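Novice: Before anything else, here's the structure in question.
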2 protein chains.
Amino acid sequence: MATITVPDHTSPVEDAENLRKACEGWGTNENTIVSILGHRNAVQRKQIRQAYEEIYQEDLIKRLESELKGEFEKAVYRWILDPADRDAILAHVAARNAKSDNRTIIEIACIRSPEELLAAKRAYHFRYKHSLEEDVASRTTGDFRKLLVALVSTYRYDGDEVDVSLAGSEAKILHNMIEGKSFNHEEVIRILSTRSKAQLNATFNRYKDTHGASITKSLSGNPADEFSEALCIAIQCIRSPQKYFEKVLRNAINKVGTDEDAITRVIVTRAEKDLKDIKDLYHKRNNASLEHAISKDTSGDYKIFLLTLLGCEEL
Amino acid sequence: MATITVPDHTSPVEDAENLRKACEGWGTNENTIVSILGHRNAVQRKQIRQAYEEIYQEDLIKRLESELKGEFEKAVYRWILDPADRDAILAHVAARNAKSDNRTIIEIACIRSPEELLAAKRAYHFRYKHSLEEDVASRTTGDFRKLLVALVSTYRYDGDEVDVSLAGSEAKILHNMIEGKSFNHEEVIRILSTRSKAQLNATFNRYKDTHGASITKSLSGNPADEFSEALCIAIQCIRSPQKYFEKVLRNAINKVGTDEDAITRVIVTRAEKDLKDIKDLYHKRNNASLEHAISKDTSGDYKIFLLTLLGCEEL
């Protein structure tokens with residue numbers, strides 16, 4: 001379930017006019033920006049951008065970038081974009097980073113639906129004039145590259161049908177790989193990157209039923225090289241995106257020097273999807289609400305914006 | 001350029017009625033079927049199928065399958081389908097074949113545009129409830145599998161922009177691989193499967209300029225294993241689909257016992273695209289027209305249908 005709250009009736013033209021007023025004159029009215037954009041869904045935000053462009057012959061995103069700063073600017077910028085375009089930017093930053101941020105790339109490849117991943121790759125082409133596959137492939141090497149490129153490339157089947165006997169045989173292949181520590185990477189990459197998520201979850205369940213431990217638990221016994229870390233993240237993303245994101249938030253908050261990038265990424269990308277479920281998981285796991293934790297770790301307009309996206313009514 | 005000719009005005013309802021008449025009573029009027037379907041483009045054929053379904057509550061494709069037979073039936077069946085759906089069926093037959101037909105799969109992966117390949121993969125999901133990637137991956141092994149799955153998976157950038165210095169450095173990587181006969185497959189697979197076609201053609205041109213021989217010529221000196229054969233086909237498909245198809249037709253016609261499957265596939269999939277160019281290349285290369293060669297090698301309604309698709313006005 002989503003966390004953002006949206007009024008029954010909104011007017012893109014009025015929103016555009018109010019945003020313009022918030023940007024004009026001395027100083028910017030950040031509260032107005034948060035109270036409008038923090039309560040509009042992706043379709044409405046797009047309509048506001050279009051209305052703003054028509055009325056003022058100016059790109060709202062560029063205007064906001066010049067008015068806002070720091071983590072708040074970054075969060076508003078991520079939020080205001082179309083989800084596919086936002087994914088393209090997140091993936092591009094991650095793929096081109098000297099210290100490549102594989103986590104973000106695996107999230108986009110494994111948590112988005114096949115159609116959403118495709119839309120992100122299409123937006124990537126449009127923005128950067130080449131493919132995400134190219135950037136991922138040219139910055140990585142070895143088995144790690146094979147896994148990452150395969151995850152990003154594939155167009156998975158998205159249906160619910162499951163082949164039970166296949167789940168059994170592929171759970172066995174995964175188990176042999178992990179227990180034998182032989183890491184027959186080819187077969188693991190094939191299974192992880194081509195099967196549907198429903199099929200993979202059946203395979204992971206079968207693995208747990210037969211061997212008494214989850215596949216990620218089994219994997220944690222192996223040396224933590226780049227390949228097995230990526231494998232673990234991919235499996236977590238496919239098994240339970242909500243649990244995965246709860247963990248990302250927990251680590252980002254508990255880290256010495258909060259990881260704002262991760263917090264912003266999770267809240268902005270999930271506020272219209274399943275952030276309510278992630279919040280509930282967080283509360284259960286940490287005996288404290290996510291809102292409380294975010295409040296403690298962030299400040300200013302950035303904090304107010306995140307709490308608004310988290311669905312806090314009273315700030 | 002296409003070869004099929006389409007009348008200025010057509011009526012899907014009249015076409016459906018005439019096809020129904022051609023199927024009714026004793027015997028089937030194959031001439032009517034050819035004269036209608038052989039002169040309708042993909043959009044019109046779809047409209048005819050819809051009109052037929054509405055009027056007679058019957059699937060035209062199934063009806064034709066029950067009325068026609070042999071190579072003629074197969075060709076009409078291939079032709080009447082939506083191009084994406086046809087590609088899904090061609091790829092499925094090829095991928096599930098005991099003796100896997102890699103050529104068809106590579107054609108679909110490398111000759112179709114990125115959006116066409118995607119549409120074929122979407123149609124594949126719809127028909128078979130799993131992905132093309134899965135079928136290709138589960139029937140192949142080793143480097144050959146890596147290449148084939150990567151070609152099928154990727155969503156290439158489709159623009160014309162070319163990075164000249166990248167073309168130079170990647171031409172060098174390909175040359176080192178071929179000359180050293182070391183076959184560093186990983187890099188070759190990465191280049192072939194992730195770069196845009198425009199970029200790859202710049203790389204192949206650079207290869208030829210620097211080394212005096214085309215990359216396919218250089219490759220022909222290597223042992224003809226499954227991997228290098230597939231690599232060669234992929235390069236030919238990306239370099240010049242028309243030249244590639246001319247060769248497929250030439251081999252199919254010259255073979256002892258004509259390869260009807262290949263002839264049907266090329267004519268049906270290219271009649272609305274570039275069959276005119278393929279015909280011209282064939283004529284130039286073989287000192288005989290393609291129509292003449294097809295006439296000699298095929299017979300009956302199948303022959304008349306192929307010649308109609310080839311644009312022969314007088315049969």
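The values are calculated or read from the model by the stated rules, or taken from the named source; none is laboratory data. What you are looking at is a predicted structure, and each value in this text was computed from that prediction instead of being measured. Cβ coordinates were reconstructed from backbone atoms using ideal geometry, including for glycine residues, and neighbour counts include every protein chain displayed. SASA here: full protein model, heavy atoms, side chains in, ligands and nucleic acids out. Shrake-Rupley method; radii C 1.70, N 1.55, O 1.52, S 1.80 Å.
Novice: Calculate how steeply helix B:164-179 sits against the longest principal axis of the alpha-carbon atoms of chain B, using the helix alpha-carbon long axis, and give the answer as 0 to 90 degrees to the nearest 10.
Specialist: The helix B:164-179 is inclined about 80 degrees to chain B.
Novice: What does the accessible area of B:K247 come to, in Å² to the nearest 10, when a probe of 1.4 Å is used?
Specialist: Around 80 Å² of this residue is reachable by solvent.
Novice: Let me ask you something else. What number comes out for accessible area per residue over the protein assembly as shown if the probe is 1.4 Å? Units Å², please.
Specialist: Result: 44 Å² of accessible area for each residue.
Novice: Using just the helices of chain A, give the 222 nm mean residue ellipticity in deg cm²/dmol: DSSP H runs with n ≥ 4 each add -39,500 (n - 2.57), and the total is spread over all residues, rounded to 500.
Specialist: -22000 deg cm²/dmol
Novice: While we're here: Among the Cys residues of chain A, which have no other cysteine Cβ under 4.7 angstrom away?
Specialist: A:C23, A:C232, A:C312
Novice: How many Å³ per residue does the convex hull of the Cα positions in segment B:84-153 occupy? Walk me through the intermediate numbers first.
Specialist: Details: hull volume 4.8 nm³, N = 70.
Measuring per residue, one finds 68 Å³ for the Cα hull of segment B:84-153.
Novice: With all distinct Cα pairs included, what does the Kirkwood hydrodynamic radius of chain A come out to in Å, to one decimal, could you say?
Specialist: Hydrodynamic radius (Kirkwood, Cα only) of chain A equals 21.0 Å.
Novice: Do any GluC sites (Glu not before Pro) in segment A:23-129 lie in a DSSP loop with no more than 13 other beta carbon atoms within 10 Å, and if so, which?
Specialist: A:E24, A:E58
Novice: A follow-up question, please. B:S131's amide H: which non-local residues (gap 5+, or another chain) put their own amide H closer than 5 Å, with H modeled 1.01 Å from N in plane and none for Pro or chain starts?
Specialist: Hits under the 5 Å cutoff: A:Y157.
Novice: Moving on to the next point. How well do other chains shield peptide A:121-128, expressed as the mean number of their Cβ atoms within 10 Å of each residue Cβ?
Specialist: On the way: counts 6, 5, 0, 2, 7, 2, 0, 1.
The mean count of partner-chain Cβ atoms within 10 Å per residue comes to 3.
Novice: Now, a different point. Would you mind calculating the relative contact order of segment B:173-239 from Cα pairs under 8 angstrom and at least 6 residues apart, reporting the percent as a whole number?
Specialist: It comes to 30 percent, rounded to a whole number.
Novice: Excluding A:N201 itself, calculate the net charge of residues whose Cβ lies under 11 Å from the Cβ of A:N201, where each Lys or Arg counts +1 and each Asp or Glu counts -1.
Specialist: Taking every other residue near A:N201 into account, the sum is +4.
Novice: Can you give the percent of C-alpha pairs in segment B:241-309 whose distance is more than 17 Å?
Specialist: 31
Novice: Between A:A109, A:A234, A:A94, find the one with the highest GNM mean-square fluctuation for chain A; connect C-alpha pairs within less than 10 Å.
Specialist: Looking only at A:A109, A:A234, A:A94, the biggest GNM fluctuation is shown by A:A94.
Novice: Give me the summed buried accessible area for the A-B pair, 1.4 Å probe, to the nearest 100 Å².
Specialist: Interface between A and B: roughly 2400 Å².
Novice: Over what distance in Å are the Cα centres of segment A:236-315 and segment B:189-241 separated?
Specialist: 49
Novice: Summarise the long-distance tail of P(r) for the protein assembly as shown by giving the % of C-alpha pairs beyond 47 Å.
Specialist: 28
Novice: Right, something else. Heavy-atom accessible surface, probe 1.4 Å, ligands and DNA/RNA ignored: which residues of segment B:192-222 lose at least 10 Å² versus the isolated chain?
Specialist: Relative to the lone chain, where solvent access is computed with a 1.4 Å probe, segment B:192-222 loses at least 10 Å² at B:T194, B:R195.
Novice: Which whole-Hz ³J(HN,Hα) couplings does segment B:189-200 yield from phi under the Karplus relation 6.51 cos²θ - 1.76 cosθ + 1.60, θ = phi - 60°, glycine and proline marked x?
Specialist: 4, 4, 5, 5, 9, 10, 6, 5, 5, 4, 5, 5
Novice: Using a 1.4 Å probe on the protein chains only, how many percent of the accessible area of segment A:83-153 belongs to carbon and sulfur?
Specialist: Roughly 55 percent of what the probe reaches on segment A:83-153 is carbon or sulfur.
Novice: While we're on this one: At 1.4 Å probe size, with no ligands or nucleic acids counted, give the accessible surface of A:V164 in Å², nearest ten.
Specialist: Rounded to the nearest 10, that gives 100 Å².
Novice: Determine the order of B:V162, B:V152, B:V43 by accessible area, beginning with the largest, at a probe radius of 1.4 Å.
Specialist: B:V43, B:V162, B:V152
Novice: Let me ask you something else. Tell me, what HN-Hα J-couplings in whole Hz come from the Karplus equation 6.51 cos²θ - 1.76 cosθ + 1.60 at θ = phi - 60° for each residue of segment B:105-112, using x for Gly and Pro?
Specialist: 5, 5, 3, 5, 5, 9, 9, 5
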